[in-house]
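What follows is one structure encoded as structure tokens, with my remarks underneath.
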Amino acid sequence: MTRFGHVMRLTAVCALSVCAGALFLVAPPAAQGKELASAPTAQGVADKKVHRLVLQVNTNDPAMMNLALNNATNVEQYYKNLGEKVEIEVVTFGPGLHMLRDDTSPVKDRIKAIAEKTPSISFKACGNTQDNMHKAEHKDIPLVAQATLVKSGVVRVMELQEQGWTYVRP
């Protein structure tokens with residue numbers, strides 16, 4: 001066989017392979033509708049995905065508190081821009097409870113503003129720490145109105161992680 005014959009034969013084999021492959025890719029019209037109806041779309045997947053973040057604050061440091069608030073608002077804005085849902089919990093315990101104490105919080109005005117604007121960000125205060133501060137200071141330990149009391153801040157972080165939440169300590 002000549003060189004020209006080999007090229008023609010190779011061309012014919014390639015053309016047949018392409019046609020055969022195309023036949024396998026095309027489904028009958030009835031099956032196409034079923035596949036499209038059952039296959040999740042990219043938008044459908046995005047609608048179902050909820051990102052979840054838990055931020056731990058356990059130091060009485062205004063810079064750390066502001067960093068946690070910056071992280072929370074930046075993450076919330078990032079997913080909002082993508083059109084995706086996000087839930088964020090800021091969990092305080094130990095000396096970090098000062099973040100949510102109405103009488104000592106250096107960031108309570110910022111917490112109020114964030115809570116009013118962004119319901120996807122919530123604030124949790126450790127009940128164990130509040131009890132210990134009450135005993136040590138011999139007075140009630142008031143919390144900001146935006147805080148929700150949990151029995152244990154550490155346990156709350158653990159439970160959220162066990163549920164698949166992403167944990168960050170700023």
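Each reported figure results from applying straightforward, stated rules to the coordinates on display, with no laboratory input. All values reported here derive from a predicted model rather than from experimental measurement. Here the Cβ is made from the backbone with ideal geometry for all residues, glycine too, and neighbour counts use every protein chain on show.
Considering only alpha-carbon pairs that sit under 8 angstrom and 6 or more positions apart, the relative contact order computed for region 77-166 is 32 percent. For the pair region 98-114 and region 117-170, the centres of their Cα atoms are 13 angstrom apart. Evaluated on region 52-101, the Kirkwood hydrodynamic radius is 11.3 Å, with distances taken between all distinct Cα atoms. Amide H to amide H distances under 5 Å link Val107 with no residue, where only residues 5 or more positions off or on other chains count and H is placed in the peptide plane. Each residue, Glu159 and Thr118, gets one label point 7 Å from its Cα in the Cβ direction; the gap between the two is 2.4 nm. Restriction of the chymotrypsin sites (Phe, Trp or Tyr not before Pro) in region 72-157 to DSSP coil positions whose beta-carbon has at most 14 other beta-carbons within 10 angstrom yields no sites. Distant-in-sequence amide contacts of Arg52, defined by a placed amide H-H separation under 5 Å and a gap of 5 or more residues or a different chain, comprise Glu87, Thr166. Across region 122-130, computed HN-Hα scalar couplings (Karplus, 6.51 cos²θ - 1.76 cosθ + 1.60, θ = phi - 60°) run 10, 10, 10, 10, 6, x, 4, 5, 4 Hz from first to last residue, x flagging Gly and Pro. Antiparallel beta bridges, as assigned by DSSP with both residues in region 71-170, represent about 10 percent of the total such bridges. With 0.36 nm allotted per residue and the present C-alpha distance subtracted, the Asp102-Tyr167 stretch has 20.8 nm of extension available.
Using 0.36 nm per residue and subtracting the Cα-Cα separation, the extra length available between Asp109 and Ala63 on full extension is 15.1 nm.
Rounded to the nearest Hz, the phi-derived 3J(HN,Hα) couplings of region 94-107 under the Karplus curve 6.51 cos²θ - 1.76 cosθ + 1.60 (θ = phi - 60°) are x, x, x, 4, 4, 4, 9, 7, 5, 8, 10, 5, x, 10, where x marks glycine and proline. The value obtained for region 63-163, namely the Cα convex hull volume divided by the number of residues, is 92 Å³ per residue. Counted residue by residue at 0.36 nm each, then reduced by the alpha carbon distance between them, the extension gain from Ser152 to Asn74 reaches 25.4 nm.
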